[in-house]
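Enquirer: Before we start, here is the structure in question, set down as structure tokens.
The values are calculated or read from the model by the stated rules, or taken from the named source; none is laboratory data. Because the structure is a prediction, the values reported are computed rather than measured. No Cβ is skipped: glycine too gets one built from the backbone with ideal geometry, and neighbour counts run over all protein chains shown.
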Amino acid sequence: MGKTKYKNVRAVSESSIQITFYYPSKPTRQRETIELIPTPDNLEKAFTHLAAINVAIKNGTFDYSVTFPNSPRARKYQNNRLLKTWLKNWLHQQDHLKQATINDYRKVIDGQIDNTKLGSMRIAAITWGDIKNWALSKKVCSKTKRNYMSVLRTALNDAADEGMIEYNPMIGKKLKQSKVELKSTQGKADPFSWQERQAIEQHAHDQFKWFCQFGFWTGMRISELIALEWDRIDWIHGTARVDQVLTQASRVYELPKTQHSIRDVELHGPALEALKQMKQFTFLEGGIIFRNPFDGLPWNGDSPVRKKWKGLLKKAGVRYRAPKQVRHTYASTALMEGEDTGYVCDQLGHEDESVTFRHYNQFIKGNRVQRGSKLEAAWKAQN
């Protein structure tokens, strides 16, 4: 027992090895025991482990409670943990979330918090003012800022529940939008005109043509469209049940992100016609309705769809807009024709009408007479 050739690594018993390091900084020395028989190989492993600890301390990512959860010193240094360090460890524990959500959280943590003043602060010392200054420094639209803050709010709620902090400093706080920001959020929807829609559908072939038509007349998200199955179609009541999605991040069929997104979408005439046309391609096999026309297989994510969409718009001579504008086109058309906001909210799977109003208030016009009737009338007028 005693010293070894590895600096700050020594055998302290026949079944344990002790390592020594400085944390949070010199001259504060820490000693921790690892339950390993002090063989030459295990001593080398301990030395490698110590080297990784020193690198983590230098980079500000060392978490005492994660590395040595049973150490009496873990609790002592809990409040010394940096926000960026804790967030990364917190993210590793979110395996109950959908992969797409985890990827979104990681983008915010790594890209927007990690290399900032806020990220380098001790989690226990962070105030609402610190968070507010961080958010205001981001040169992005208000919705994106809200998404960033949503991740942080969720994480800090967990930190408070774990006793890491006394309370979440974001509770009851909200970032105010400037008039400029409010105006800019109103212009996000950039819908396609009737002429553009016709050009798109005319230049799309076979299955993709009906895919586009169905999208324009249901307002469903791309991730919802490529996950829609034949047994979710209620031909008697004319509805499509939306209860699963497929994203590029997940590559597997998952439940929609929110409970409100699980819904029955009313199918208007053009949407039903698109389904009838699709029967010749995928109905007998069953399962996924809209598939990759090149190989007849279900799409393996939304990225290939976006690529094909870009090529289609170029071919049709239509100014490029992202596929999400198909959804915006459905919503804006319905509202401009006088459909009820509540009806459109239900069709899109929004949490409540305030969400619909926030996105499309510039298109809202008049009051409805009968749910869905004006949208049907608009279609008939084009034919």
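Enquirer: Among the candidates T333, T329, single out the residue that is within 22 Å of F363 (Cβ to Cβ), at pLDDT 95 or above and in the same structural domain as I200 (by TED's automatic domain parsing).
Expert: Answer to the check: T329.
Enquirer: Also, I was wondering about something else. Go over the candidates R263, R291 one by one and state the one that is among the basic types (K, R), under 20 Å from the mean Cα position of the chain (by Cα) and farther than 17 Å from A100 by Cα.
Expert: R263
Enquirer: Related question: Any chance segment 256-263 includes a residue that's buried (at least 16 other Cβ atoms within 10 Å of the Cβ), assigned to a loop (DSSP other than H, G, I, E, B) and at pLDDT below 95?
Expert: Scanning segment 256-263, I find at least one residue that is buried (at least 16 other Cβ atoms within 10 Å of the Cβ), assigned to a loop (DSSP other than H, G, I, E, B) and at pLDDT below 95, so the answer is yes.
Enquirer: Output the qualifying pairs, or none if there are none: Cβ atoms under 7 angstrom, residues six or more apart or on different chains, first residue in segment 62-91 and part of a loop (DSSP other than H, G, I, E, B), second residue basic (K, R) and surrounded by 16 or more Cβ atoms within 10 Å (Cβ to Cβ).
Expert: Pairs that qualify, where the first residue is part of a loop (DSSP other than H, G, I, E, B) and the partner is basic (K, R) and surrounded by 16 or more Cβ atoms within 10 Å (Cβ to Cβ), are D63/R81.
Enquirer: Follow-up. Sort out which residues of segment 130-158 are within 20 Å of L97 (Cα to Cα) and at pLDDT 90 or above, and write them in order of number.
Expert: Y148, M149, S150, V151, L152, R153, T154, A155, L156, N157, D158
Enquirer: Moving on. When you look at T61, is it surrounded by 15 or more Cβ atoms within 10 Å (Cβ to Cβ), in the same structural domain as Q30 (by TED's automatic domain parsing) and of a type outside the set (F, W, Y), yes or no?
Expert: Taking the combined requirement at face value, the residue satisfies it.
Enquirer: Return a yes/no flag: does segment 221-231 have any residue that is surrounded by 21 or more Cβ atoms within 10 Å (Cβ to Cβ) and free of Cβ contacts under 8 Å to residues at least 60 places away in the same chain.
Expert: Yes, some residue in segment 221-231 is surrounded by 21 or more Cβ atoms within 10 Å (Cβ to Cβ) and free of Cβ contacts under 8 Å to residues at least 60 places away in the same chain.
Enquirer: Among the residues of segment 132-153, count how many are among the β-branched types (V, I, T) and touching a residue at least 24 places away in the same chain (Cβ under 8 Å).
Expert: Total satisfying the criteria: 1.
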